[in-house]
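Report on the structure given below.
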Amino acid sequence: MANEALDIASVLDAIGRDVIKQLADIPDDLLNKPLDLPETNTLFALATHLVGAGEFWVLALAGGWHIERDRQAEFHATGQGADLLARYERWLENIHKVLDTLPDSAMGQHVDPPATYRARMHDQSFTVRDCLLHALEHSALHQGHIQLTRQVLLGKPPANNG
């Protein structure tokens, strides 16, 4: 029998694994290098924002975990690739902890985002399903940004290891 949350976890896992693949062979100096284009982010900042948002929407809002997040800082984040990839591995593991056993009956439960998010979202109410679908949409969008930014920086996609 299909489980909606498990299906969402599977897609988020695939997105996260692709981001790991996109970043795994890039040296730290290039991960933190801005593009010569206006209003673009570094690969490190894009990946930090993707995982920060994923942690917030999946683990905090849908899963009820306490997650500290500084959304604005994500866009200026710098650091080492190994630390970022380890964060992705933890996020993917935690996605499965939250979603693999979440019953379909929980998908319609209402969640209460912090006031700063409610204001940005025009005070609309959210269900667990809304949060997870937003996480999917948002993650896929930034996965594409990461793929394109990598190609601009290196001129090529990652090597096919499969």
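The values are calculated or read from the model by the stated rules, or taken from the named source; none is laboratory data. The shown structure was predicted, so the numbers you read here are calculated from the model rather than taken from an experiment. Note that we place each Cβ from the backbone using ideal geometry, even for glycine, and neighbour counts take in every protein chain shown. Just the protein is used for accessible areas: all its heavy atoms, side chains included, with ligands, DNA and RNA removed. Shrake-Rupley method; radii C 1.70, N 1.55, O 1.52, S 1.80 Å.
Among the residues of segment 61-76, those that are open to solvent by 20 Å² or more (accessible area, probe 1.4 Å) and small (Gly, Ala, Ser) comprise 63, 64, 73.
For segment 28-52, enumerate the residues that are in a helix (DSSP H, G or I) and out of contact with any helix residue (DSSP H, G or I) (no Cβ under 8 Å at 6 or more places or on another chain).
Passing the criteria: only 29.
Scanning segment 34-54 for residues that are touching a Ser or Thr at 6+ places or on another chain (Cβ under 6 Å) and open to solvent by 20 Å² or more (accessible area, probe 1.4 Å) yields a count of 1. Looking at segment 23-34, can you tell me whether even one residue there is hydrophobic (A, V, I, L, M, F, W, C) and at pLDDT below 95? Taking every residue of segment 23-34 in turn, none turns out to be hydrophobic (A, V, I, L, M, F, W, C) and at pLDDT below 95. The set of residues in segment 53-84 that are of a type outside the set (Gly, Ala, Ser) and part of a helix (DSSP H, G or I) comprises 55, 56, 57, 58, 59, 61, 71, 72, 74, 83, 84.
Only one of the numbered conditions (1) open to solvent by 10 Å² or more (accessible area, probe 1.4 Å); (2) modelled with pLDDT under 95 is violated by residue 113, and that is (1).
Evaluate segment 117-126: report whether one residue or more is open to solvent by less than 20 Å² (accessible area, probe 1.4 Å) and in a strand (DSSP E or B). Scanning segment 117-126, I find at least one residue that is open to solvent by less than 20 Å² (accessible area, probe 1.4 Å) and in a strand (DSSP E or B), so the answer is yes.
Answer with yes or no whether residue 79 is at positive phi and open to solvent by less than 60 Å² (accessible area, probe 1.4 Å).
Taking the combined requirement at face value, the residue satisfies it.
Can we say residue 14 is in a helix (DSSP H, G or I), closer than 19 Å to residue 145 by Cα and open to solvent by less than 50 Å² (accessible area, probe 1.4 Å)? No; evaluated as a whole, the condition is false for this residue.
For segment 131-156, enumerate the residues that are open to solvent by 60 Å² or more (accessible area, probe 1.4 Å), touching a residue at least 12 places away in the same chain (Cβ under 8 Å) and not hydrophobic (A, V, I, L, M, F, W, C). Matches in segment 131-156: 145, 147. Evaluate the following for residue 98: is it open to solvent by 60 Å² or more (accessible area, probe 1.4 Å), in contact (Cβ under 8 Å) with a residue 12 or more places away in the chain, of a type in the set (Val, Ile, Thr) and farther than 18 Å from residue 154 by Cβ? Considered against the rule, which asks whether it is open to solvent by 60 Å² or more (accessible area, probe 1.4 Å), in contact (Cβ under 8 Å) with a residue 12 or more places away in the chain, of a type in the set (Val, Ile, Thr) and farther than 18 Å from residue 154 by Cβ, residue 98 comes out as no.
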